[in-house]
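The values are calculated or read from the model by the stated rules, or taken from the named source; none is laboratory data. Note that the structure is predicted; figures quoted are calculated from it, not measured. Neighbour counts run over all protein chains shown; Cβ positions are idealised from the backbone, glycine included. All accessible areas refer to the heavy atoms of the entire protein, side chains included, with ligands and DNA or RNA removed. Shrake-Rupley method; radii C 1.70, N 1.55, O 1.52, S 1.80 Å.
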Amino acid sequence: MTIPSPEARRSARRDAVAAALADIRHLAAGQPDRDALAAIAGRLQALAAQRTLFTHEDFPAPPADAGIGASTRYRLNPDDGEGAIALYLNAINPGKTTIPHNHDTWAVIAAVEGRELNRVYRRTDDGSDPAFARLELARELTVEPGTPIAFLADDLHSIHVIGDTPTLHFHCYGRPLETLTGRYGVRPETGEIVNYNATQMQPSKVAA
């Protein structure tokens, strides 16, 4: 089998991403519900199945000396702008964890490779205190090849990268992460609510 050159792989990847995003925009028209998000998850998983287009060679994880759980997020459609659906590919070293957080828009995650335990929470307080939330664990699901997960804007989850190899996972959002001003996180030990983008999120890189 002929191994495609980096240039040919890049061109094929751009075409595959563009085709997937065209389908996702159609599926996400209006205000997506859980059924629509399930369909988007299926389309994103089909993109993830094209593994030769999405490799650690092209999307390297941080070096081992960057520390346990270091991560790099690549924006795959930066030219679509701030008001568009955004698709990222996350390369994360084992050991990465996050505090529980929402997304402020719909979100779908699908795996090219690697395993990420997702803990999904429900709020049990009445939401009257903007500085505090009480959570309980609703379910757990491990995102891995063939098993995506989807969230509505107010859903809360935390991630925990397991295994001994880095992940390559697609994260697709209704709007770019950098524009989401309503994201919040909850410190599980105290219930304190924090601004997630300001305190937890690292900048994205633009994919070649």
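I'd like to check one number: the per residue accessible area of the stretch 41-89, probe 1.4 Å, reported in Å² as a whole number. If you can, show how the numbers build up before the last one.
Working: 2290 Å² over 49 residues.
Accessible surface, normalised per residue, equals 47 Å².
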Nearest 10 degrees, 0 to 90: what angle lies between the long axis of helix 6-27 and the longest principal axis of the chain (Cα atoms)?
-> 50 degrees
In the stretch 1-107, the GluC sites (Glu not before Pro) that sit in a DSSP loop and have at most 15 other Cβ atoms within 10 Å of their own Cβ are E57, E82
If one puts a single equal scatterer on every Cα of the stretch 64-139 and applies the Debye formula without solvent, what log₁₀ I(q)/I(0) results at q = 0.15, 0.25, 0.26, 0.27 Å⁻¹?
-> -0.77, -1.24, -1.27, -1.31
Kindly sort H157, H56 by accessible area of their heavy atoms, largest first, with the probe set to 1.4 Å.
-> H56, H157
Percent breakdown of C-alpha pair distances by 5 Å bin, ordered from the shortest bin, for the stretch 98-137 = 5, 15, 23, 24, 17, 7, 6, 3, 0
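Rounded to two decimals, what is the ratio between the C-alpha radius of gyration of the stretch 14-91 and 2.2 N^0.38 Å? Can you show the working numbers first?
Working: Rg = 14.4 Å, N = 78, 2.2 N^0.38 = 11.5 Å.
Relative to the rule-of-thumb radius for its length, the stretch 14-91 sits at 1.25.
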Using only the Cα atoms, work out Rg/Rh for the chain, with Rh taken as the Kirkwood radius, to two decimals.
-> 0.96
Could you tell me which chymotrypsin sites (Phe, Trp or Tyr not before Pro) in the stretch 63-138 are loop residues by DSSP with no more than 16 other beta carbons within 10 angstrom of their beta carbon?
-> none
